[in-house]
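These notes are about the structure you will find just below.
The values are calculated or read from the model by the stated rules, or taken from the named source; none is laboratory data. No experiment lies behind these values; they were computed from the predicted model shown. Please note: Cβ atoms are built from the backbone with ideal geometry, for glycine as well, and neighbour counts cover all protein chains shown. Surface areas here come from the heavy atoms of the whole protein model, side chains and all, with no ligands, DNA or RNA. Shrake-Rupley method; radii C 1.70, N 1.55, O 1.52, S 1.80 Å.
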Amino acid sequence: SKLAALFEHPLYNIPVPEMTEKDKLFVVNPMEKFSLHSSRSDEWVSSSKAEALLPTGKTAYDTYPTWLKFHIGINRYELYPRRDPLLPTLLRDLATQRIVSSVQKSGGTQLKLIMTFPNYGQALFKPMKQTRDQETPIDFFYFSDFERHNAEIAAFHLDRILDFRRIPPVSGRLVNITKEIRDITTDKKLAKTFFISPVGNVCFYGECSYYCSTEHALCGKPDQLEGSMAALLPDKTLAKRRSWRSPWRRSYHKSKKAEWELNPNYCTQVRETPPYDRGHRLLDLIDMAILDFLMGNMDRHHYETFEKFGNDTFLLHLDNGRGFGTHSRDEPSILAPLQQCCSIKKSTYLRLQLLATEPYRLSDVLREALAADPLAPVLAEPHLQALDRRLGKVLLAVGHCLAR
C-alpha cells in the first residue's frame, strides 16, 4: 500500500506542539456524562453526577457517539489527528447510519440537505448533479458551474494526503429519495418540490437562489441518488467561527478583473495587512491555493477559522464542490498567491516533492484512498492523471521563485 507507506514517512510524523487547555476547542472532563437536548439542537447537557465508571466498565467518554468525539478532538493545530482511530468509524457512520430527518440547508446557490442520524449526528448532503466524466464546458464561468458531490469526497482525501487535515470528513452515499428524504422531511418548502418524472423516477428540486427549478431537478434511478455526506462542524453557538474574505478572491463579474490580477506587486500590500502581517496565516493561504490548483477550484472567495484560537490557527477548507470540474486544462491564476508572494512552508514543499516521486505518486495514493469509498470510483481516471501534471507545475513555480 503506497498510502500506508506515505503515512509512515517521517514527513508525516512531525509532532504537533504540546497541547494546553486553551489549544482545545472544547475542554471536556472525560468522566463527565453528556446527553443531548432533543430539541433538534446540538446542545450538550452535562450531568455532573455521572459516575467515573459506568456499570459496563467504560468511562463516559467511551459512550459518546463518534461525531461528538470528532468535535471534542478539534484543536488549534488540526481538525483531526493524523492517526485518528475515529476516522474509519466516522466515515462508516456517514455512509450507513439511518437517516431520521432531512431538511434543506438555507442559503447558497444550489440545493444541499442537512441529514440527522439517530445519535444526533448531522451531515451535509450534496446530491449528484453530473456524471464523473462530464467536464465543465469551456465557455462556462467558474461561478456558474455545478457543484460536484464527488469533488467533495475527493477534496477531503486530497487534503489529508497533503497533510493539511482542514476539511471535515466526507463519505459518498447512495440515498433513497423516497424513504430517506421525501417520507421523513419536515421541511414544507422542500416537500412541495417532489414529483415523478415522465419515465417514473422520483425527483425534487428544493428552493434556492439559482439552480432550484424543474429544469434542474435531482432525479433518482428510480429513487436511488448518489451524494456526498460531510460531517458537520460543531454548531456555531458552541464554537463560533469567523469568516474571512480571501485577498485573492475573484471579481465574480463577467468582465471585471480583481486587483490581484492587475497588480504584480499585490502581495506586498497583503503582507502589510493584518492578519497576514505576522504568523503563518499567509503561508496557510498559500497551502489552500495549492490544494485549489490541484483540484482546479476557482471558487475560493472566503475561508473560516475558529474564533477561539484567534489568528494563530489553521484555515478551514470548506465547500469544495467546484473542484475537479476539468482535467484537460489547468488554471494557472489559482496559483497567484504562491507566484506573487514566492513563499511556501518548508514542510508543504517537502511533501509535494515526495508526492512527485514514484513510490508515493500523488495520483496513486489518491486513487487508493478513494477506492475505499462506497461510491468508488470517485474520480474519472483523467482527473487523477491531471493531479500529477499540476503537481509538476506547482514545483516548477517554487523553482522559479528559488531562482529569483
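The C-beta contact set for the range 82-96 (first residue among the basic types (Lys, Arg), second residue open to solvent by less than 80 Å² (accessible area, probe 1.4 Å) and part of a helix (DSSP H, G or I), distance under 9 angstrom, 6+ apart or interchain) comprises Arg82/Phe7; Arg82/Tyr12; Arg82/Arg160; Arg83/Phe7; Arg92/Thr66.
Among the residues making up the range 221-245, those that are in contact (Cβ under 8 Å) with a residue 60 or more places away in the chain, in contact with a strand residue (DSSP E or B) (Cβ under 8 Å, 6 or more places away or on another chain) and charged (D, E, K, R) are Glu226, Lys240, Arg241, Arg242. Only one entry in Ala230, Ala258, Ala239, Ala191 is touching a Lys or Arg at 6+ places or on another chain (Cβ under 9 Å), of a type in the set (Gly, Ala, Ser) and under 24 Å from Ala154 (Cα atoms), namely Ala230. Listed by first and then second residue, the pairs linking a residue in the range 110-125 that is among the hydroxyl-bearing types (Ser, Thr, Tyr) to a residue that is not in a loop (DSSP other than H, G, I, E, B), with Cβ atoms under 7 Å apart and 6 or more places separating them unless they lie on different chains, are Thr116/Ser101; Thr116/Gln122; Tyr120/Leu36.
The residue of the range 323-343 that is modelled with the highest pLDDT, among those that are under 22 Å from Cys267 (Cβ atoms), assigned to a loop (DSSP other than H, G, I, E, B) and open to solvent by 40 Å² or more (accessible area, probe 1.4 Å), is Cys342. Screening His37 with (1) surrounded by 15 or more Cβ atoms within 10 Å (Cβ to Cβ); (2) modelled with pLDDT under 95; (3) under 30 Å from Asp183 (Cα atoms); (4) not aliphatic (A, V, I, L, M) gives one miss only, at (1).
From the list Leu174, Leu218, the lone residue that is buried (at least 18 other Cβ atoms within 10 Å of the Cβ) and in contact (Cβ under 8 Å) with a residue 24 or more places away in the chain is Leu218.
Within the range 147-179, the set of residues being more than 9 Å from the chain's Cα centre (by Cα), assigned to a loop (DSSP other than H, G, I, E, B) and either of a type outside the set (Asp, Glu) or under 15 Å from Leu318 (Cβ atoms) (or both) comprises Glu147, Arg148, Leu162, Phe164, Arg165. For the range 289-322, a residue qualifies if it is open to solvent by 30 Å² or more (accessible area, probe 1.4 Å), touching a residue at least 24 places away in the same chain (Cβ under 8 Å), over 27 Å from Thr136 (Cα atoms) and not acidic (Asp, Glu), and the qualifying residues are Lys308, Asn311. Within the set Pro374, Pro359, the sole residue that is in contact (Cβ under 8 Å) with a residue 40 or more places away in the chain and part of a helix (DSSP H, G or I) turns out to be Pro359.
Considered as a group, the residues in the range 248-264 that are touching a residue at least 40 places away in the same chain (Cβ under 8 Å) and either closer than 30 Å to Arg76 by Cβ or not in a helix (DSSP H, G or I) (or both) include one that is most open to solvent (accessible area, probe 1.4 Å), and that residue is Lys254. Considered as a group, the residues in the range 377-402 that are open to solvent by 10 Å² or more (accessible area, probe 1.4 Å) and free of Cβ contacts under 8 Å to residues at least 40 places away in the same chain include one that is farthest from Gly172 (Cα to Cα), and that residue is Leu402.
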